[in-house]
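Chemist: Sending over a structure as structure tokens; questions will come in a sec.
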Amino acid sequence: MAEPTTASVEVELLRRVYAAFNRREFETVLALMHPDVHWPNRIEGGFMRGPSAVREYWRRQFETLDSRVEPQAFTTEPDGRVAVRVHQVVRDKAGQVVVDKIVEHVYEFRKA
């Protein structure tokens, strides 16, 4: 049996991370982030830096919104990053759909 490639290991990790995020197991997701992670702030603009800032951003986000992200496809970029095509559905607290679209997330894997 062949050894799994780095890309397949990373894709499997990302599948688990998306599932944990959708279950709202944020500490599981945050524990896997690099200490210097840069996370886009789609609500206020700019970027969050570090897992603690991402935690606070998610806390504020989920006070008013409920989002689900389902990975659809994974592509390894020439520079080694992994691009994920994601179906994102965001609802307000009343359950009304605010966003329903395909987005792309790109991840770089580094050791802490």
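The values are calculated or read from the model by the stated rules, or taken from the named source; none is laboratory data. Model, not experiment: these values are computed from the prediction. No Cβ is skipped: glycine too gets one built from the backbone with ideal geometry, and neighbour counts run over all protein chains shown.
Chemist: Within region 17-43, which residues are within 20 Å of F74 (Cα to Cα), without any contact (Cβ under 8 Å) to a residue 12 or more places away in the chain and surrounded by fewer than 14 Cβ atoms within 10 Å (Cβ to Cβ)?
Modeler: P40
Chemist: Do we find that R110 is charged (D, E, K, R), in contact (Cβ under 8 Å) with a residue 24 or more places away in the chain, touching a His at 6+ places or on another chain (Cβ under 6 Å) and surrounded by fewer than 13 Cβ atoms within 10 Å (Cβ to Cβ) in this structure?
Modeler: Taking the combined requirement at face value, the residue satisfies it.
Chemist: Is it fair to say Q61 is assigned to a strand (DSSP E or B) and of a type outside the set (G, A, S)?
Modeler: no
Chemist: Among the residues of region 84-98, write down those that are surrounded by 12 or more Cβ atoms within 10 Å (Cβ to Cβ) and without any contact (Cβ under 8 Å) to a residue 24 or more places away in the chain.
Modeler: Within region 84-98, R85, H87, Q88, V89 meet the criteria.
Chemist: Which residues, counting only those in region 21-58, are in contact with a helix residue (DSSP H, G or I) (Cβ under 9 Å, 6 or more places away or on another chain), part of a loop (DSSP other than H, G, I, E, B) and not hydrophobic (A, V, I, L, M, F, W, C)?
Modeler: Scanning region 21-58 gives R24, E25, H34, P35, N41, R42, E44.
Chemist: Taking interchain pairs and intrachain pairs at least six residues apart, which have beta carbon atoms under 8 angstrom, with the first residue in region 51-72 and without any contact (Cβ under 8 Å) to a residue 24 or more places away in the chain and the second loosely packed, with under 14 Cβ neighbours inside 10 Å?
Modeler: P51/A31; P51/P35; Y57/I43; R60/I43; Q61/I43
Chemist: Name the residue that is nearest to E108 (Cα to Cα), counting only residues in region 44-83 that are of a type in the set (A, V, I, L, M) and buried (at least 16 other Cβ atoms within 10 Å of the Cβ).
Modeler: V82
Chemist: Looking at (1) over 21 Å from F26 (Cα atoms); (2) in a strand (DSSP E or B), can you tell me which one V106 breaks?
Modeler: (1)
Chemist: Taking region 77-112 as the search range and keeping residues that are of a type in the set (D, E) and at pLDDT 95 or above, which one is nearest to S8 (Cα to Cα)?
Modeler: E104
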